[in-house]
1. Per residue, how much accessible area does segment 82-213 have with a 1.4 Å probe, in Å²?
2. Please compute the modelled spin-label separation between K69 and T88, points set 7 Å along Cα→Cβ, answer in nm with one decimal.
3. Report, in whole Å, the centroid distance computed from the Cα atoms of segment 133-154 and segment 196-236.
4. If you stretched the chain out fully between E55 and Q191, how much longer would it get, using 0.36 nm times the residue separation minus the C-alpha to C-alpha distance?
5. So which of K116/K150; K124/K217; K69/K150; K156/K235; K69/K133; K75/K235 end up more than 21 Å apart, counting from Cα to Cα?
6. I'd like to compare 125-135, 194-204: which one has the highest average count of other Cβ atoms within 10 Å, and what's the full order after that?
7. Cβ under 13 Å from A158's Cβ, A158 left aside: what net charge do those residues give with Lys, Arg +1 and Asp, Glu -1?
8. Taking 0.36 nm per residue of separation and subtracting the Cα-Cα distance, what length does fully extending D212 through L40 add?
Amino acid sequence: MKKIILSKTVLLLFFVFITGSFFCQEKGGKTDMNKTVTDLIQLPAPEFESTTSLEEAILKRRSIRDYTKEPLSIKEVSQLLWSAQGITDEASGLRSSPSAGATFPLEVYLAVSNVKGLNAGLYKYNPFNNTLKLLIEGDKRFDIGNAALKQGSIEKSAAMIILTAVYERTSVRYGSRSERYVNMEVGHAGQNIYLQAASLGLGTVMIGAFNDDALKKALNLPDNEFPLAIYPLGKI
Ligand SMILES: Cc1cc2nc3c(=O)[nH]c(=O)nc-3n(C[C@H](O)[C@H](O)[C@H](O)COP(=O)(O)O)c2cc1C
């Protein structure tokens, strides 16, 4: 009799476990249990060829602040993230834009509002395995827009790339020259985003006018990481 009760209990526990994990998945990754499964997103591989020449992209590059309400695709945001900091030499870990002494102080975030296949939220880009990690759920346009003088391009964007820097990575090697090096670096990565957007027929603009503390808070950045530029993105 004891054996039957025991095996029934085991069966019941098994059933509870199976249905429990099913419901966890149905909730779309809001529980810790599911975090590692759904909150890490593998991005599509970047394309290395296109019908737009580099010269044409340079010619067409413009700061564009008005976008349609059409969603971006995950392929488009993947390509833009790669252009900013993607690994372009697997063996050495070198990237799409130059870095003083290859110290790589920049970090890349994607704030998603209207991208097909991605829930709204703030994600961090990992160039090594081409993934996005969900950090904060929900549309961040209001908070980021408030930090950036309520600029209209943010409100209209379908997504935003935000570049931040950890200055220490460069200052351990270059001391007081590191600040200028890091600030130059963000320009290199940003120009790549502009040219990639031009090549994809998308619009972007570099936003440098924002309140540092408010943006840092909106992105929940650690103390040693500083926001440097916002790039709203959208179809035109
Ligand atoms: C460092 C920097 C900061 C900028 N900040 C802003 C900004 O806060 N908002 C904005 O709408 N444009 C900003 N811009 C974009 C410039 O206004 C734009 O590049 C300029 O008007 C020239 O236009 P073009 O990029 O189409 O050639 C910034 C550009 C740079 C390089």
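1. Working: 5730 Å² over 132 residues.
Dividing the accessible area of segment 82-213 by its residue count gives 43 Å².
2. For T88 paired with K69, the spin-label model returns 3.8 nm.
3. Segment 133-154 and segment 196-236 have Cα centres spaced 9 Å from each other.
4. Working: separation 136, 0.36 × 136 = 48.96 nm, distance 1.35 nm.
Roughly 47.6 nm would be gained on extension.
5. Numbers: K116/K150 25 Å; K124/K217 15 Å; K69/K150 18 Å; K156/K235 10 Å; K69/K133 25 Å; K75/K235 14 Å.
Where the Cα-Cα span goes over 21 Å, the pairs concerned are K116/K150; K69/K133.
6. Working: 125-135: 16.7, 194-204: 22.4.
Result, highest mean first: 194-204, 125-135.
7. Numbers: positive: K69, K116, K140, R141, K156, K235; negative: D66, E70, E76, D139, E155.
Net local charge, A158 excluded: +1.
8. Details: separation 172, 0.36 × 172 = 61.92 nm, distance 2.77 nm.
Between D212 and L40, full extension yields an extra 59.1 nm.
The values are calculated or read from the model by the stated rules, or taken from the named source; none is laboratory data. What you see is a predicted model, and the numbers here were worked out from it, not measured in a lab. For neighbour counting, all protein chains shown are included, and Cβ atoms are generated from backbone atoms with ideal geometry for every residue, glycine included. Accessible surface areas use protein heavy atoms only, side chains included; no ligands, DNA or RNA. Shrake-Rupley method; radii C 1.70, N 1.55, O 1.52, S 1.80 Å.
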